[in-house]
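The values are calculated or read from the model by the stated rules, or taken from the named source; none is laboratory data. Source: prediction; values computed, not measured. Neighbour counts run over all protein chains shown; Cβ positions are idealised from the backbone, glycine included. Side chains are part of the model used for accessible areas, which takes the heavy atoms of the whole protein and leaves out ligands, DNA and RNA. Shrake-Rupley method; radii C 1.70, N 1.55, O 1.52, S 1.80 Å.
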Amino acid sequence: MPPEPDAVVAGAAVPDRARSDACPGALRLHTADDGALARVRLPGGLLTARQALALAEAAEALGDGRPEITSRGNVQLRGLASDCGGELAERLRAAGLLPSDTHERVRNIVASPGPGAGPAEGSADVRAWARALDAALCASPWATGLSGKFLFALDDGRGDVAALDADVTLIAGPAGTALLRLGRAATARPVPAGRAVEAALDAAREFLDAQRAAGLRAWHLRELPDLLPPGPVPLPPSTGPRLPLGALPGGGLHVGPRFGAATAGQWRALVDAAEGELRLTPWRGAVLPGAPADRLPALAAAGFRTAAGTAWDGASACTGLPGCAKSRSDVRADAARALDGVPVPEEGARPQPGAALLPVHWSGCERRCGHPAGRRVDVLATGEGYRVAVTGGPQGRDAVQGRDTAVEVTNEQMAAAVAAARRTT
């Protein structure tokens, strides 16, 4: 999730993006080491059961059979034949997953995936916002000027997706109010909830107009933080909690495949457990609204993570070998061995809420693709082992802190070094 490898470090020169971004899409396939890759945008992570099955069938028929949930709640299909673009597009159109050929790469919208609205769960049901914003984006010719990396976040008041530091964030408030945050600004603009979608779209257009007037070209609002006025309302740091795995207090289930990748068979198990709707999360999980708790054992048997309290909590990794030629290691295999090797703590020894483990991300190279925002343990493949360090900071600052405290370890030493770093306060 953002910040991405191209993020701007405080004090660095403002980049001028002379080229367009190379983000893959459903129609623009990316050539990887394991074949072509397609990224299917799912605004708000929303999927019907029929659409989820269509993705599983496309992955099975055209690719490696393992749809992958991304850090923006989208789906990637990997291992595709280079000449399958036409058939893939037909399958996606038939399932209602490709409403616009011209705008498909700019439909980047994450939304709070919780089961419902209310004082305990959030102040608004943002799914209506997601659908309205998607429709408005696709109907706006100027929106094709946005980068395929430009991100909208719709937060229902929990602060969960607000913590992702999107380019434009809407945060629902009480009594029909909302706040509009631009980039990583510490302040926001108040807007009526009834025109929140319009305000978010206006902000994106203002960004395009302002950079054009300045003679610059940027992919993210954070790259040109001074072009737009941020707003008068101060915001606390966005550190909202993710949804817990398992049965949700407001109803429904939250489960996660390891590193977001699931077989077509596992996707069918998800559909079987769902009540007609799925919501993919930017933490590479799936929420099944309305699904009863007695379906969790079947999902666990299918290979999904269904409970918190293990070393896998907050763990992520880039694709690594063999899918990425730039990677120095099969980081997912290495990470899985490290995470599985950490024993589950006794019930009485589990960390208290204030002592939760730091998130951890494994990267095969310095690009650190898919790393989360904020403070985390950075595990970087070196070709001879891994470099382990605590990185990141408040408000999504992604400059590496404490480089001199990084430790170089072998593959065999890596699990212990990561476990120790994650306990850093």
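Odds and ends about this structure:
- When the helices of the chain are scored as -39500 (n - 2.57) per DSSP H run of n ≥ 4 and the total is divided over every residue, the value at 222 nm lands at -6500 deg cm²/dmol.
- Extension reserve of the Glu198-Val407 stretch, reckoned as 0.36 nm per residue once the Cα distance is removed: 70.4 nm
- In the range 208-312, a dipole from Cβ-located charges (positive for Lys and Arg, negative for Asp and Glu) runs towards its positive end, and of Ala213, Ala264, Leu288 it is Ala264 whose Cα lies farthest in that direction.
- Contact order relative to length of the chain, as percent, for alpha carbon pairs under 8 angstrom and 6 or more apart: 16 percent
- Unit charges at the beta carbon, dipole of the chain: most positive-side option, Leu154, Leu253, Gly79: Leu154
- In this structure the amide hydrogen of Ala178, modeled in the peptide plane, comes within under 5 Å of the amide hydrogens of Gly173, Val191, Ala193, none closer than 5 places in sequence on its chain.
- Rounded if a/c under 1.5, otherwise prolate or oblate - the chain, Cα gyration tensor axes: rounded
- Between Arg367 and Glu206, the simple spin-label model (points 7 angstrom out along Cα→Cβ) gives 3.3 nm.
- Top positive-direction residue, dipole computed over the chain with Cβ charges, set Gly35, Ser316, Pro230: Pro230
- Length-normalised contact order for the range 159-210 - Cα pairs under 8 Å, 6+ apart - percent: 27 percent
- Surface per residue (accessible, 1.4 Å probe) for the chain, Å²: 41 Å²
- The GNM of the chain, with springs linking C-alpha atoms under 10 angstrom apart, assigns the highest mean-square fluctuation among Gly314, Gly215, Gly231 to Gly215.
- In nm, spacing of pseudo-spin labels at Thr382 and Arg337 (7 Å Cα→C-beta vector): 1.7 nm
- Sequence ranges 76-88, 126-138, ranked by mean other-Cβ count within 10 angstrom, highest first: 126-138, 76-88
- With every protein chain in place, the chain: carbon and sulfur % of accessible area (1.4 Å): 55 percent
- For Lys326 and Glu275, a Förster radius of 41 Å and the Cβ-Cβ distance give a FRET efficiency of 0.50, rounded to the nearest 0.05.
- Charge dipole of the chain (Cα centre as origin; +1 on each Lys and Arg Cβ, -1 on each Asp and Glu Cβ, all else neutral): 420 debye, rounded to the nearest 20.
- If you run the Gaussian network model on the chain, springs between alpha carbon atoms under 10 Å, then out of Ala204, Ala373, Ala94 the most flexible one is Ala94.
- Between Ala300 and Thr177, full extension at 0.36 nm per residue minus the direct alpha carbon distance yields a gain of 40.3 nm.
- Averaging over all projection directions, the Cα-based convex hull of the range 160-259 occupies 8.4 nm² in the image plane.
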